[in-house]
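Single-structure report; data block below.
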Amino acid sequence: VGLFTKVISGVLDAMGAQTALVAIVRFRARLRGCLANFGSDSLVGRTLERLDGHLRRSLAAQLLAPGGLHLRRVDGTSCAVAKDAARRVAQPVLALPVDGRWPSHHRCYALTMPAADTGSHIAGPLFVAHAALLPGMPSSIAELAGPPLQDTQFRTICFWAIAPASSDFAAGLHGLGLGHLLRRRATEELGRELASSGGSADPSVVAFSPVPGLVAWLLRRRCWEHLSAAGIEPRLVRALRQSLVGAPAAGFGDVDVCFLDSDGDAIRFRIAVAEADAERRPCLEITIGGPGVVPQRVLRLRLAEGGQALLLLMQGGGSVQVVAPQEAVQRGDLVRVAEAAQSLGMLPSELKGPLVSFCHEYLTDVHDGRVEDDSAHFHFSGGASLRSLHWRGAESPGGLASSLGLMAGYVYEAVAEDRNRLGYEAGACPVHPDGVLVSAASGATPNDWPEARTAGFRRSDPATLAATVDLLRLGLPGAPHDTLFVDLGSGDGCVVCAVVQGLGWRGVGVELMEDLVEQARASARLLPDELVGRCRFLQVDMEDVDLSGADVLFLYLPRLVLREVVLKLLPRSGLRRGAILLIEDAPADFRAADASAGASAGTSAAGLRHLRGVECADARGGPSLDLFEWVMPPSVSSAPSAVEGAPARMLTRNRSCIGLWAEPSEPSRGTCAS
């Protein structure tokens, strides 16, 4: 060992550190591979461990010396080798374009070794870090990748990928702390950039990271048996098990379902290879129309009431409703498509609580001095604390296959870094006291689907807007000015703005489509000054909204979607009994009293008591607007309970806090206001 160390020192002195260090890093990587094969209990293993220790100290003395490493910005003007390394590091989280034209709020930095004579960096970087300047912690990869809203003030530096530039370097650089060195230097550089550009002078530093080992851990734990023992519905237990074994093993690898929908269009669902995925994982695609139509990837899928239709969220943001003919339903086509989607990781939201509980245990369970997840270990050893878990944070084929779409958020606080690091070394996993669960809304953009299929934006005409305000004024006389009016699926916000302007109430619009939310917020800014602060629009999935503070709820949705919302979503939403529902184009059975046992007097099977209705100028047969009192259906299933022993703070749903109206800040895109 002593002779070997002298040889290494001689090589460094003779060749100059730059060329020799790269060779030594690669040699150490091979040596650590041999060490893994022999184990540390054998004589050879113990000798290799001593050699590895000497190599690590020699590399640290060279690389961590003043001037040993340079921080370089990687962008479109960088050399091809640097851009290739940056793309490789980013690939597990986000695919970046080849030309280096990355989003304007993204930054990439690398640690390189300077050449001895010129001071320029050698061809390849050693370590690469990707970061984004954001107003806060992102809720999903879609939000991280999307462009920031206009006039956004950046308050947060978010690191979303930090890794060795090459797999050849990974084991050779192990234990040198270069990842943390790069993060600290990049943080200083980005802090100076924000300060000089008018951003936050003291930005928060966070990390947004995948949980790639979660699925393998859940399989080893046989977590579906725990859920079954906890009383979770069998269909949910089956869905989770299918997603863990994957589509091929679950019997869905060859799904190819075709039929003519209720509009006479050719529909095809099939499992296909995701071309954008580096590992070519399977995904679910839909094609509407004949030959030549480009298929689109399905992000989320839900089987509608009675199994007659599918509600889909597409990659890129379009919400699509497909109604199947009776023969396709009887063949079980829609059920097979829905189960195929679950086998690909598109799980129902009822599994959110249990899965977050499992994920929290996986990330924080310390064994043999560390947690199992490499990314969590990296951040904990650097002084970070676990801040948030993000349901549907990574909906790429890779994210669903490795972690069921879950992402983790970590926060670096200067005052707590040393305490967190030392606590982790002592076996205590640092979890932030304000840890939350974030439900991500996929960023939505305009799409080319036929307008009649879009299950979302259905604009109310001017006559109906006027009738809406009049009906609320007559039906709720004397309602106080702090009445909270909520529009689920608010579109361009015209209903919310009309109610706020006409009645002076507070108004909240909930909408998934990003472009419509921006349009609604622009309309709200045109209200009189005294009303601007009484109008809000949230870009979030309506499934993740807490309606406990809503006084009046407005719904104008396709009838199939409307039934899903009233019968399944509202009973779980926290909407209080006695709240008022204003429904445009309500089905007749919503108004008809239910005579069955258990139903309240005058209440329909949907749990609604009809109060009054009006016919608008564009009536389509029957009242166009109806006021109801929310009584709740006589029999609704409760949400599945969380897994026993789960930390309560990590199971709390981070819903859009409509009830917490005093919160002054505008909610960021894709996140909740809490």
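The values are calculated or read from the model by the stated rules, or taken from the named source; none is laboratory data. Note that the structure is a prediction, hence the values are computed from the model and not measured. Here the Cβ is made from the backbone with ideal geometry for all residues, glycine too, and neighbour counts use every protein chain on show. Surface accessibility is based on the protein's heavy atoms, side chains included, excluding ligands, DNA and RNA. Shrake-Rupley method; radii C 1.70, N 1.55, O 1.52, S 1.80 Å.
Selection within the range 337-347: residues that are small (Gly, Ala, Ser) and surrounded by 23 or more Cβ atoms within 10 Å (Cβ to Cβ). The member of this set that is farthest from the chain's Cα centre (by Cα) is ALA340. Of all the residues in the range 550-580, those that are over 13 Å from GLY607 (Cβ atoms), within 25 Å of the chain's Cα centre (by Cα) and small (Gly, Ala, Ser) number 1. For the range 573-585, check the following and say yes or no: at least one residue is more than 24 Å from ALA479 (Cβ to Cβ) and either without any contact (Cβ under 8 Å) to a residue 24 or more places away in the chain or open to solvent by less than 40 Å² (accessible area, probe 1.4 Å) (or both). No, the conditions are met nowhere in the range 573-585. Return the residue satisfying two criteria in turn: it lies in the range 67-79 and is hydrophobic (A, V, I, L, M, F, W, C) and within 31 Å of the chain's Cα centre (by Cα), and of such residues it is surrounded by the fewest Cβ atoms within 10 Å (Cβ to Cβ). The residue in question is LEU71. Out of the residues in the range 540-569 that are in a strand (DSSP E or B) and open to solvent by less than 40 Å² (accessible area, probe 1.4 Å), state the one that is farthest from PHE590 (Cα to Cα). Looking at the filtered set, the residue picked out is VAL545. Contact map, the range 229-246: first residue within 18 Å of LEU344 (Cα to Cα) and in contact (Cβ under 8 Å) with a residue 24 or more places away in the chain, second residue among the β-branched types (Val, Ile, Thr) and part of a helix (DSSP H, G or I), Cβ cut-off under 9 Å, separation 6 or more or different chains; pairs are SER243/VAL215; LEU244/VAL215; GLY246/VAL215.
Selection within the range 210-227: residues that are surrounded by fewer than 15 Cβ atoms within 10 Å (Cβ to Cβ) and over 22 Å from GLU339 (Cα atoms). The member of this set that is modelled with the lowest pLDDT is ARG221. Restricting ALA170, ALA161, ALA186, ALA145 to those that are touching a residue at least 12 places away in the same chain (Cβ under 8 Å) and closer than 16 Å to THR112 by Cβ reduces the list to ALA186. Screening the range 274-296 for residues that are open to solvent by 60 Å² or more (accessible area, probe 1.4 Å) and farther than 29 Å from GLN326 by Cα and picking the one that is modelled with the highest pLDDT gives ARG280. What number of residues within the range 145-170 are at negative phi and in a loop (DSSP other than H, G, I, E, B)? Going through the range 145-170 one residue at a time, the tally reaches 11.
Here the strands (runs of 3 or more DSSP E) wholly within the range 467-539 that include at least 2 residues being aliphatic (A, V, I, L, M) are 484-488, 506-511.
Taking the listed residues SER624, SER596, the one that is of a type in the set (Ser, Thr, Tyr), surrounded by 17 or more Cβ atoms within 10 Å (Cβ to Cβ) and modelled with pLDDT under 80 is SER624, with no other qualifying.
Apart from one condition, LEU64 fits all of (1) open to solvent by less than 60 Å² (accessible area, probe 1.4 Å); (2) hydrophobic (A, V, I, L, M, F, W, C); (3) in contact (Cβ under 8 Å) with a residue 12 or more places away in the chain; (4) out of contact with any strand residue (DSSP E or B) (no Cβ under 8 Å at 6 or more places or on another chain); the exception is (1).
Results for (1) in contact (Cβ under 8 Å) with a residue 40 or more places away in the chain; (2) more than 19 Å from GLN242 (Cβ to Cβ), shown as yes or no for each residue.
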site	(1), (2)
PRO354	yes, no
THR364	yes, yes
HIS367	no, yes
GLU372	yes, yes
GLY398	yes, no
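Criterion applied to ARG300, ARG331 was being among the basic types (Lys, Arg) and buried (at least 19 other Cβ atoms within 10 Å of the Cβ), and the one residue passing it is ARG300.
For the range 410-424, residues that are under 12 Å from VAL205 (Cα atoms) and either at pLDDT below 90 or not acidic (Asp, Glu) (or both) total 4. Flag not set for ARG56, criterion: modelled with pLDDT of 85 or more and not in a loop (DSSP other than H, G, I, E, B).
Let's see how each residue does on (1) part of a loop (DSSP other than H, G, I, E, B); (2) of a type in the set (A, V, I, L, M); (3) touching a Cys at 6+ places or on another chain (Cβ under 9 Å); (4) within 27 Å of GLU425 (Cβ to Cβ):
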residue	(1), (2), (3), (4)
LEU313	no, yes, no, no
ALA338	no, yes, no, no
ALA341	no, yes, no, no
GLY345	yes, no, no, no
LEU355	no, yes, yes, no
PHE358	no, no, yes, yes
TYR362	no, no, no, yes
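Of all residues in the range 306-330, those satisfying the criterion of being closer than 19 Å to THR287 by Cβ and of a type outside the set (A, V, I, L, M) are GLN315, GLY316, GLY317, GLY318, SER319, GLN321, PRO325. When ALA247, ALA207, ALA230, ALA239 are checked against the criterion of being open to solvent by less than 20 Å² (accessible area, probe 1.4 Å) and more than 21 Å from the chain's Cα centre (by Cα), a single residue qualifies: ALA247.
Kindly indicate whether ALA85 is in contact with a His (Cβ under 6 Å, 6 or more places away or on another chain) and open to solvent by less than 20 Å² (accessible area, probe 1.4 Å). Taking the combined requirement at face value, the residue does not satisfy it.
Would you confirm, using the coordinates I've provided, whether LEU512 is in contact with a Pro (Cβ under 7 Å, 6 or more places away or on another chain), surrounded by 21 or more Cβ atoms within 10 Å (Cβ to Cβ) and within 30 Å of ILE286 (Cα to Cα)? Taking the combined requirement at face value, the residue does not satisfy it.
Of ASP546, ASP551, all but one fail to be modelled with pLDDT of 90 or more and either of a type in the set (D, E, K, R) or closer than 27 Å to PRO138 by Cα (or both); the exception is ASP551.
For every residue, the table says whether it meets (1) open to solvent by less than 10 Å² (accessible area, probe 1.4 Å); (2) more than 30 Å from GLN315 (Cβ to Cβ).
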| residue | (1), (2) |
| --- | --- |
| GLY369 | no, yes |
| HIS379 | no, no |
| SER385 | yes, yes |
| ARG392 | no, no |
| PRO397 | no, no |
| SER402 | no, no |
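Residues in the range 171-190 that are open to solvent by 50 Å² or more (accessible area, probe 1.4 Å) and in a helix (DSSP H, G or I): ARG184, ARG185, GLU188, GLU189. In the range 348-361, the qualifying residues are those that are modelled with pLDDT of 90 or more and open to solvent by 10 Å² or more (accessible area, probe 1.4 Å), and the one that is farthest from LEU303 (Cα to Cα) is GLU361. Residues that are modelled with pLDDT of 80 or more, of a type in the set (Val, Ile, Thr) and within 26 Å of GLU188 (Cα to Cα): does the range 38-51 have at least one? Scanning the range 38-51 turns up no residue that is modelled with pLDDT of 80 or more, of a type in the set (Val, Ile, Thr) and within 26 Å of GLU188 (Cα to Cα).
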